[in-house]
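Below you'll find the structure, written out as structure tokens, and then a few comments.
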Amino acid sequence: MSSNAFGKLFTVTTFGESHGPAIGCVIDGCPPGLAIAAEDFRHDLERRASGRSKFTSQRHEADEIEILSGVFEGRTTGTPIALLIRNTDQRSKDYAEILDSFRPGHADYTYWQKYGIRDPRGGGRASARETTMRVAAAVIARKWLAEHFGIRIRGYLAGMGNLVPRAFDWQAVEQNPFFWPDASMLGELEGFINALRKSGDSIGARVNVLAEGVPPGWGEPVYGKLDGDMAAALMSINAVKGVEIGDGFAVVGQHGSEHRDEMTPRGFLSNHAGGILGGISSGQTILASAAFKPTSSILIPGRSVNLAGEAVEVRTKGRHDPCVGLRATPIVEAMLALVLMDHALRHRAQCADVAAPKPLLPGAAD
């Protein structure tokens with residue numbers, strides 16, 4: 001299987017399967033001298049992990065990071081950083097009934113058509129388990145971006161089914177298992193998820209992410225557009241079926257006089273473009289959204305075929321999320337961090353000696 005590496009100068013290559021002995025990644029291009037230790041990964045890995053609340057898959061993984069290379073005496077050396085996490089809570093017997101059939105809506109069928117062989121245990125590489133290493137790699141990216149530019153990356157669950165936040169509070173986001181910004185709605189969300197579990201069905205979700213403090217000038221005009229790479233990165237996350245930058249599809253109903261982000265000496269008056277113009281950052285807050293499809297592994301029987309092409313009925317047992325979006329916020333944050341880290345190094349390589357021209361507008365009205 002090719003195309004398991006992401007990025008140009010800050011490159012992340014992941015490996016491993018959901019029910020294999022371990023998952024891991026190799027990070028190449030990290031600048032030397034960054035202080036990093038195994039405990040630095042714990043917070044973000046726990047935010048992403050399953051089994052941390054009753055509303056997600058009850059698979060309980062320790063997710064203990066092993067740093068195998070690229071760090072000496074607590075600092076990165078500039079050489080490839082290899083990270084490993086051993087799988088400790090696989091339950092492969094849950095997938096015995098789908099060894100010879102394909103889950104509708106899942107990658108089972110397409111993997112089989114491409115490779116002629118597949119690992120049905122937890123979906124193999126198609127499992128969200130793979131995203132653990134993206135979050136781990138992004139811990140390094142986020143730390144470097146914060147130390148060098150003061151960049152802060154945050155996300156939240158912006159919609160689940162027909163539910164949307166009626167109020168917004170950043171403090172609430174990290175104080176509930178949904179990453180939901182409206183604490184007054186938590187009971188409503190819990191009831192919704194419990195009803196989904198009881199019915200055996202699932203639901204889609206929307207996750208919003210933003211990056212504050214990104215300098216103007218990152219990105220390239222044509223084939224290396226910052227928003228283009230962001231879109232590709234977010235679409236690479238399992239179950240993502242749509243990506244928006246800034247106002248996204250809402251621009252269809254906007255007039256040019258409304259959408260354009262007018263400028264004054266005090267800064268921009270709006271941020272409909274999501275902090276990116278012509279593929280290059282404007283200095284405003286970067287804004288993006290990802291739409292997650294409903295989980296395809298559900299208890300409700302669905303029509304499918306087996307390896308012989310015969311009609312079968314598939315009902316997926318095991319431990320699955322009724323809404324994959326509930327754990328997606330740290331993953332979406334991670335992919336944005338990896339894109340920004342890569343573009344920071346790309347910009348430094350070509351344009352580090354370019355003095356900031358005037359006028360340099362503050363992103364005053366993000």
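The values are calculated or read from the model by the stated rules, or taken from the named source; none is laboratory data. Predicted model, so just to flag it, every value in this text is computed and none were measured. Every residue, glycine among them, receives a Cβ derived from its backbone with ideal geometry; neighbour counts consider all protein chains shown.
Odds and ends about this structure:
- Qualifying residues in segment 308-347 (those that are in contact with a Phe, Trp or Tyr (Cβ under 6 Å, 6 or more places away or on another chain) and under 18 Å from Ile140 (Cα atoms)) - the one surrounded by the most Cβ atoms within 10 Å (Cβ to Cβ): Met341
- Each residue in segment 1-49 was checked for being in contact with a Leu (Cβ under 7 Å, 6 or more places away or on another chain), assigned to a loop (DSSP other than H, G, I, E, B) and buried (at least 19 other Cβ atoms within 10 Å of the Cβ), and 2 pass.
- Verdict on Ala128 being surrounded by 13 or more Cβ atoms within 10 Å (Cβ to Cβ) and closer than 30 Å to Ala311 by Cα: yes
- Among the numbered conditions (1) under 30 Å from Thr14 (Cβ atoms); (2) in contact with a helix residue (DSSP H, G or I) (Cβ under 9 Å, 6 or more places away or on another chain); (3) basic (Lys, Arg), the only one that Arg315 does not meet is (1).
- Flag for Trp170 being within 26 Å of Pro216 (Cβ to Cβ) and at pLDDT 95 or above: yes
- Within segment 296-309, residues that are over 22 Å from Val324 (Cα atoms) sit with their Cβ atoms under 6 Å from residues that are of a type in the set (A, V, I, L, M, F, W, C) and modelled with pLDDT under 90, at 6+ positions apart or across chains, in these pairs: Ser304/Phe102; Ser304/Val314.
- Exactly one residue out of Arg315, Arg319 is farther than 28 Å from Phe41 by Cβ and either at pLDDT below 90 or of a type in the set (Val, Ile, Thr) (or both): that is Arg315.
- Residue-level analysis places Arg206 outside the set of residues that are of a type outside the set (S, T, N, Q), in contact (Cβ under 8 Å) with a residue 24 or more places away in the chain and buried (at least 21 other Cβ atoms within 10 Å of the Cβ).
- Only one entry of Ala37, Ala96, Ala22 meets the criterion of being over 30 Å from Glu188 (Cα atoms) and either touching a His at 6+ places or on another chain (Cβ under 8 Å) or at pLDDT below 85 (or both), and that entry is Ala96.
- Residue list for segment 222-238, filter: surrounded by 22 or more Cβ atoms within 10 Å (Cβ to Cβ) and within 24 Å of Arg129 (Cα to Cα): Asp229, Met230, Ala233, Leu234
- Segment 12-21, residues that are closer than 24 Å to His347 by Cα and touching a residue at least 40 places away in the same chain (Cβ under 8 Å): Val12
- When the criteria are applied in full, Val71 meets the requirement of being modelled with pLDDT of 95 or more, crowded, with 20+ Cβ neighbours inside 10 Å, more than 26 Å from Ala328 (Cβ to Cβ) and not hydroxyl-bearing (Ser, Thr, Tyr).
- Residues being of a type in the set (Asp, Glu) and over 18 Å from Ala328 (Cβ atoms) - total across segment 167-181: 1
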